[in-house]
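Let me begin by presenting the structure, written as structure tokens, before commenting on it.
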Amino acid sequence: MSNSLEFVTVLLEDLQTNDDDREALESLGAIRFIAQQIGASNTRDILLPTLLNLLPTFGNDALYIFSAQLANFVPLVGGPEHAHVLVDILSMLLGFPEMLVHEKAAESLTCVLAEMNSEDVSIRGFDLIKKSTTSEEFQIRIACCRLFPAVYPCCTSNQKQELLSFLTELSKDNVPLVKRAVAHNLPSLFLAVEPDSALNVLLPILIDLTNDESLETRATTVQPLVSSIIALPASEVIPLSIPALKQLGSDNEWLVRLAVCKQWRRITQACGREVCQTYLVNTFTNRLQDPEMEIRKQISSSIYVFASNLSTEVLKRSVLPALQVLATDPAPAVRANTAKGICLLTPLMGSNLASQKIVTMVNNFLVDEDPFVSEAAARYLHLVFATVNNLASSPLFETFRNSLRSSYFHTRGLLLLQVPFAVKILGRKQVDVLLTDVFEALVCNTAFVRRMAAFTLGFMSRVLPQQMIMTVVIPKLIDISNSTHYLHRQNALLALGSLVNLGEMFRFFSYSHSMAYIAETKVGFKRAILGLNLYNISHALNEFPKKLVVPERLSTESFSKMQLIHRELQRTNNFFNNFENITIEDCVNYDVFLMTPAEMRIAEIHEVEQLTALIDPIVQVLLGHLHDSVVNVRQMVATVLYIIVPAVTSRTKLGSIKGALSAFSSDVKTLAEIVEAVQKRIPS
């Protein structure tokens, strides 16, 4: 044990003699390890009291680290029966003037109280709140607001009444920061207290705070108001909360109105269809026309979520006129949100209204000078196609074709993915001209457009007659694959692979492109995928070796970023595992563009759909390019073979592939690895 106590001596020497804050922080980061070495008794009797004496010498960063460390110290001091030692130390830290320190101390104190016995919490926690409520230090009063949800459930009836009276007293504090702290912690309290207390005590406190003279306090009350609607019986809370929300939504201070708009999606989901249609339409349309651009931008992002709860008559009478004004807003971000909302609402408005009003606005969006506006319209254009009357003779179709050839390249790529929907609606009449547009895109100068054109041909194989694929599409692709330009050959091979196994091709290459796009433009991931499918990308990360999909120009830093994104994607797996039932509302809520069977019924990319009749000629073309003079083309051949080999059923053809690969060798390590992976996929 004496050897273990040497750790404490070394720590104290470091903290007392080090003037370097960074080294002091490193020393404090080791206190958990030291506590494990010296045991619970020495931690309580030696380590913590010694550190407590040094607190006045710590800087704010050190105090923050120390407060954070104590959150998980209950087992290290001997369990819940000795947790009061931590409560005493953290109570002292609540009084430090630095906001981050006392907030972290309150957070850690909440964690400690959660591990303590209910009886101890009702004594120590209650006494701490009682003492803090009357403290002259406003930081302590702010911090104690966070303790109410943790302490209240463990208290007796009399103590609960006192706690509610303390909270009422704090809600009338002279310091606005204290009142904001009360409002900020009310959502947790709504779940902790009894319904009667929530309605008779907490809700009146909240309503009073919505009329506070401090705009920051009023803005802070928006989220608790929404939480009250979710947590409490609707019949009792709606008459109080909705008028308060409407009042905040019309507040003279734009920051308060902005706070309401930021919560509008939650407000809509909490209130439901009847309340939205009865009480909130005017507030919504007024904010759509707000003089502040930030407010219009925020509220316009909720157009579909809110307006889908309204009847067609209300949409036509109240919302559509406001959207027509918003469609010409000077702010590109507002126009982009409006474009997205209008396209999503088109099916709800019906074909007549869409043909009369919507087509003109969507036309303007597609030719907008800002690329993000045209992108937003292009992403959901299929919904407009399916709704308007006589698409072939509509001005929208002409604009669509022109945009396929001349618009901003991201918009052009997304518009290409809409071609199969147009073909399905128009039938054979426009197939030839649309195929011409797709083939032109396949050999254009922009990599993203070429790749989207290849995927589009794969999608079109699901709506075109197989005979047309055999006699028109494949011969044209074979012709392009013999081009003198290696990029044309490369993308023709990608398109041929997409005809056979679109799902796997889409997963593999959309992920690869997303990584390259992040590396080149340093933009956020949602913008980087440009409408590609998160479900497929997350599966690509698991199914394919990293070396097969990481472009050589991608830096280590960017690859690390992708690994972080990968972990983030795993959190959405529960959502995407229910892929068959994804609705357009889900797509909007997750801010992704999904080609789903429920909404589009063309690109069923979650199922591997084999077109076995096409495999023989396609494999023949691929093997013919296995010894291409350009390594990128050879790598494309190997990658496409890797993806489509499971669909090859002919033993003769499998033998041809195996023989061709056996005779193939490459000095390029990545290419050799892909060829090896293909060989492993060929059945023995």
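The values are calculated or read from the model by the stated rules, or taken from the named source; none is laboratory data. Only a predicted model underlies this, so the values are computations on that prediction, with no experimental measurement involved. Here the Cβ is made from the backbone with ideal geometry for all residues, glycine too, and neighbour counts use every protein chain on show. Ligands, DNA and RNA are excluded from the accessible area calculation, which covers all protein heavy atoms including side chains. Shrake-Rupley method; radii C 1.70, N 1.55, O 1.52, S 1.80 Å.
Return the only residue of ARG405, ARG412, ARG428, ARG451 being closer than 19 Å to VAL640 by Cα and in a helix (DSSP H, G or I). Can you show your working first?
Values: ARG405 fails: closer than 19 Å to VAL640 by Cα; ARG412 fails: closer than 19 Å to VAL640 by Cα; ARG428 fails: closer than 19 Å to VAL640 by Cα.
Answer to the check: ARG451.
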*Quick one: how many residues across region 256-274 are of a type in the set (Val, Ile, Thr) and without any contact (Cβ under 8 Å) to a residue 40 or more places away in the chain?*
1
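Name the residue, out of GLU440, GLU369, that is part of a loop (DSSP other than H, G, I, E, B) and without any contact (Cβ under 8 Å) to a residue 60 or more places away in the chain. Give the derivation first.
Values: GLU440 fails: part of a loop (DSSP other than H, G, I, E, B).
Exactly one residue qualifies, and that residue is GLU369.
Quick grid of which residues meet (1) in contact with a helix residue (DSSP H, G or I) (Cβ under 6 Å, 6 or more places away or on another chain); (2) on the phi < 0 side of the Ramachandran plot; (3) open to solvent by less than 60 Å² (accessible area, probe 1.4 Å); (4) assigned to a helix (DSSP H, G or I):
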residue	(1), (2), (3), (4)
LEU614	yes, yes, yes, yes
SER629	no, yes, no, no
GLN635	yes, yes, yes, yes
LYS658	no, yes, no, yes
*Quick one: count up the residues across region 458-473 that are in contact (Cβ under 8 Å) with a residue 24 or more places away in the chain, open to solvent by 10 Å² or more (accessible area, probe 1.4 Å) and assigned to a helix (DSSP H, G or I).*
4
_For region 160-172, give me each residue that is open to solvent by 60 Å² or more (accessible area, probe 1.4 Å) and not in a helix (DSSP H, G or I)._
LYS172
_Selection count where residues are in a helix (DSSP H, G or I), out of contact with any Leu (no Cβ under 8 Å at 6 or more places or on another chain) and surrounded by 11 or more Cβ atoms within 10 Å (Cβ to Cβ), scope region 662-684_ = 4
*asked:* List the residue pairs whose Cβ atoms are under 7 Å apart, where the first residue sits in region 279-308 and is touching a residue at least 12 places away in the same chain (Cβ under 8 Å) and among the aliphatic types (A, V, I, L, M), the second is surrounded by fewer than 19 Cβ atoms within 10 Å (Cβ to Cβ) and not in a helix (DSSP H, G or I), and the two are 6 or more positions apart or on different chains.
replied: MET293/ALA331
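Looking only at region 76-108, count how many residues are aromatic (Phe, Trp, Tyr) and either farther than 19 Å from PRO49 by Cβ or modelled with pLDDT of 90 or more (or both). Steps first, answer last, please.
Going through region 76-108, the residues aromatic (Phe, Trp, Tyr) turn out to be 96.
Checking which are either farther than 19 Å from PRO49 by Cβ or modelled with pLDDT of 90 or more (or both) leaves us with none.
The qualifying residues number 0.
Condition check: at pLDDT below 90 and closer than 23 Å to VAL226 by Cα. Does LEU177 satisfy that?
Working: at pLDDT below 90: no; closer than 23 Å to VAL226 by Cα: yes.
For LEU177, the condition - at pLDDT below 90 and closer than 23 Å to VAL226 by Cα - is not met.
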*under 13 Å from LEU493 (Cβ atoms), modelled with pLDDT of 80 or more and out of contact with any His (no Cβ under 6 Å at 6 or more places or on another chain) - does that describe any residue in region 644-664?*
yes
*Hits in region 297-307 - residues which are of a type outside the set (Phe, Trp, Tyr) and either more than 21 Å from CYS343 (Cβ to Cβ) or open to solvent by less than 30 Å² (accessible area, probe 1.4 Å) (or both)*: ILE299, SER300, SER302, ILE303, VAL305, ALA307
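Of the residues ALA377, ALA354, which single one is under 19 Å from LYS297 (Cα atoms) and either open to solvent by less than 40 Å² (accessible area, probe 1.4 Å) or out of contact with any His (no Cβ under 6 Å at 6 or more places or on another chain) (or both)?
Values: ALA354 fails: under 19 Å from LYS297 (Cα atoms).
Going through ALA377, ALA354 in turn, the sole match is ALA377.
Considering each of LEU435, LEU391, LEU404, LEU416 in turn, give the residue that is under 18 Å from MET349 (Cβ atoms) and either surrounded by fewer than 24 Cβ atoms within 10 Å (Cβ to Cβ) or modelled with pLDDT of 85 or more (or both).
Values: LEU435 fails: under 18 Å from MET349 (Cβ atoms); LEU404 fails: under 18 Å from MET349 (Cβ atoms); LEU416 fails: under 18 Å from MET349 (Cβ atoms).
Going through LEU435, LEU391, LEU404, LEU416 in turn, just one is under 18 Å from MET349 (Cβ atoms) and either surrounded by fewer than 24 Cβ atoms within 10 Å (Cβ to Cβ) or modelled with pLDDT of 85 or more (or both): LEU391.
Give me the helices (runs of 4 or more DSSP H) completely within region 70-137, filtered to those with at least 2 residues that are touching a residue at least 40 places away in the same chain (Cβ under 8 Å), over 20 Å from LYS160 (Cα atoms) and open to solvent by less than 40 Å² (accessible area, probe 1.4 Å), ordered by residue number. Working first, answer last.
Details: elements: 84-93, 99-115, 126-133.
Passing ranges, in order: 84-93, 99-115.
Please indicate, with yes or no, whether at least one residue in region 117-128 is aliphatic (A, V, I, L, M) and touching a His at 6+ places or on another chain (Cβ under 8 Å). Reasoning before the result, please.
Of region 117-128, the ones aliphatic (A, V, I, L, M) are 121, 123, 128.
If we keep only those that are touching a His at 6+ places or on another chain (Cβ under 8 Å) as well, we get none.
No: zero hits.
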*Specify the residue that is modelled with the lowest pLDDT; the eligible residues are those in region 459-508 that are under 36 Å from the mean Cα position of the chain (by Cα) and within 17 Å of ARG428 (Cα to Cα).*
ARG462
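Does PRO153 satisfy the criteria of being open to solvent by 40 Å² or more (accessible area, probe 1.4 Å) and not in a helix (DSSP H, G or I)? Reasoning before the result, please.
On the way: open to solvent by 40 Å² or more (accessible area, probe 1.4 Å): yes; not in a helix (DSSP H, G or I): no.
In short, no.
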*Identify all residues within region 173-201 that are open to solvent by 40 Å² or more (accessible area, probe 1.4 Å) and touching an Asp or Glu at 6+ places or on another chain (Cβ under 8 Å); write none if there are none.*
PRO176, ARG180
*If you check LEU164 against the conditions, is it of a type in the set (A, V, I, L, M), at pLDDT 90 or above and over 16 Å from LEU93 (Cα atoms)?*
yes
*Of all residues in region 232-291, which are open to solvent by 80 Å² or more (accessible area, probe 1.4 Å) and not in a helix (DSSP H, G or I)?*
ASN252, GLN289, PRO291
